[in-house]
Amino acid sequence: IRVKATSIKDQDEQIQGVVVVLRDITELRHLEQVRTEFVGNVSHELRTPLTSIKGYVETLLANDNPDSAIYKRFLNVVKDEADRLEQLIIDLLDLSKIESGISGKGYEAINLNQVIEDVLTIVMPKVSDKELNLKIDVPAELAMISGDESQIKRLYINLIDNAVKYTPNCGEVKVKVYEDDEKIWTEISDTGIGIPSEDLPRIFERFYRVDKARSRNLGGTGLGLSIVKHIIEQHNGMIDVESEVEKGTKFIFYFPKVK
Ligand code: ADP
């Protein structure tokens with residue numbers, strides 16, 4: 001609590017009373033802490049691939065004539081790490097754009113059937129690579145929702161990408177859509193590794209990952225789900241998750257229908 005006291009004096013400089021202002025700054029402190037933590041996380045996440053790039057380049061430079069196989073191997077690592085840096089920067093920029101509520105286009109009426117069809121085309125190669133059984137249960141006719149189409153696509157891509165990433169070969173990924181009077185619901189479920197219950201409340205936080213090493217190896221930035229949550233909230237929806245370790249995970253979210 002921050003306290004500020006001011007005395008009230010009359011014409012003869014006699015104190016007549018005191019005004020005390022008490023301000024609860026718990027929330028402010030908390031925001032400051034979240035910000036500091038975020039900047040710390042970003043710096044760390046940016047530095048990790050950079051350190052690795054510098055290390056490999058310096059090793060190559062220190063060696064007078066490394067053979068071409070070593071060259072190739074080291075340059076491939078440098079490329080992977082540069083890709084990771086690029087993805088991280090794209091995610092960070094997207095997140096800040098979405099958070100600040102600035103989007104390139106205004107809201108338009110969106111047909112989720114079309115969005116899902118486009119997204120499935122994008123994720124299909126990864127689904128086939130892992131020989132996953134992809135089940136789609138989407139009604140042919142759906143009410144429209146209002147939003148930014150590229151953001152809505154982004155959120156479906158992030159969730160389906162995760163379902164694919166965290167499900168072993170030959171598992172199942174399911175996309176189910178249904179509507180009630182006011183909302184359109186989507187469930188994206190998988191038969192993957194699941195999320196331990198103690199981690200569940202934190203997975204939408206920026207950079208939170210159940211297993212940092214695994215996520216990094218799979219090309220994750222730890223920002224995907226926080227981007228998803230922000231997009232859904234900007235569109236007046238809500239998201240929830242259910243999961244069981246080694247059984248699978250289900251994300252459930254809705255958007256309000258356009259009346
Ligand atoms: P990442 O880039 O690491 O995938 P996300 O923000 O998309 O970051 O997800 C945060 C964490 O939540 C992941 O690192 C992973 O531990 C967990 N997670 C997300 N989706 C799933 C899923 N479908 N199955 C199991 N774990 C998941």
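Take the chain and mark each of the GluC sites (Glu not before Pro) that is in a DSSP loop with at most 12 other Cβ atoms within 10 Å; the longest unmarked stretch, sites excluded, is 14-130.
Lysine pair count for the stretch 24-165 (Cα-Cα distance under 17 Å; residues 8 or more apart in sequence or on different chains): 10.
For the chain, the mean residue ellipticity at 222 nm estimated from helices alone is -16000 deg cm²/dmol, where every DSSP H run of n ≥ 4 contributes -39500 (n - 2.57) and the total is divided by all residues, rounded to the nearest 500. Indicate the gyration tensor shape class of the stretch 93-189 (rounded, prolate or oblate), computed on the Cα atoms with a ≥ b ≥ c the square roots of the eigenvalues: a/c under 1.5 is rounded; otherwise a/b larger than b/c is prolate and the rest oblate. Since a/c reaches 1.5 but b/c is at least a/b, the shape of the stretch 93-189 is classed as oblate. Can you give the angle from 0 to 90° between the axis of helix 68-99 and the longest principal axis of the chain, with both taken from C-alpha atoms, to the nearest 10? Roughly 40 degrees between the two axes. Rounded to whole numbers, the Karplus 3J(HN,Hα) couplings from phi for the stretch 200-208 are 3, x, 10, 5, 8, 6, 5, 6, 6 Hz, using 6.51 cos²θ - 1.76 cosθ + 1.60 with θ = phi - 60°, and x at Gly and Pro. Oblate is the label for the stretch 1-151, because a/c, from the alpha-carbon gyration tensor with a ≥ b ≥ c as root eigenvalues, is 1.5 or above and a/b does not exceed b/c. Just 123, 34, 21 to compare: in a GNM of the chain, with alpha carbon springs under 10 Å, which one fluctuates most? Highest fluctuation of the listed residues: 21.
For 38, 255, write out the residues from largest to smallest accessible area, computed with a 1.4 angstrom probe and no ligands counted.
38, 255
Charge tally around residue 121: other residues with Cβ under 14 Å, Lys/Arg +1 each, Asp/Glu -1 each, net -1. Compared with the dominant principal axis of the Cα atoms in the chain, helix 224-234 is inclined by about 50°.
Couplings 3J(HN,Hα) of the stretch 182-187, computed from phi: 10, 10, 10, 9, 10, 10 Hz, in residue order, whole Hz [Karplus 6.51 cos²θ - 1.76 cosθ + 1.60, θ = phi - 60°; x for Gly and Pro]. Ellipsoid fit via the Cα gyration tensor, the chain: semi-axes of 41, 32, 17 Å, each the root of five times an eigenvalue, largest first.
Residue 144 exposes around 80 Å² of accessible area when a 1.4 Å probe is run over every protein chain in place. Relative contact order for the stretch 68-211: what is it in percent, counting Cα pairs under 8 Å that are at least 6 residues apart? RCO, the stretch 68-211: 20 percent. Remark: the stretch 141-150, residue by residue, has Karplus-estimated 3J(HN,Hα) of 10, 9, 5, 7, 10, 10, x, 9, 4, 5 Hz, where x stands for each Gly or Pro and the curve is 6.51 cos²θ - 1.76 cosθ + 1.60 at θ = phi - 60°.
Over the stretch 24-109, all Cα pairs binned in 10 Å intervals from 0 give whole-percent P(r) values of 14, 29, 24, 19, 11, 4, 0, listed from short to long. Given axes a ≥ b ≥ c from the Cα gyration tensor, I'd like to know whether the stretch 179-259 is rounded (a/c under 1.5), prolate (a/b larger than b/c) or oblate. Prolate, because a/c is 1.5 or more and a/b exceeds b/c. If you take all other residues with their beta carbon under 12 Å from the beta carbon of residue 205, and give Lys and Arg +1 and Asp and Glu -1, the sum is +2.
Tally the DSSP beta bridges in the chain and give the antiparallel ones as a percent, rounded to 5.
Values: 34 of 39 bridges.
Bridges in the chain are about 85 percent antiparallel.
Against the chain, whose longest principal axis is taken from its Cα atoms, helix 112-129 shows a tilt of about 50°.
The values are calculated or read from the model by the stated rules, or taken from the named source; none is laboratory data. Predicted, not measured: the structure shown is a model, and the values here were computed from it. Using ideal geometry, Cβ is built from the backbone for each residue, glycine included, and neighbour counts are taken over all protein chains shown. With ligands, DNA and RNA removed, areas are computed over all heavy atoms of the protein, side chains included. Shrake-Rupley method; radii C 1.70, N 1.55, O 1.52, S 1.80 Å.
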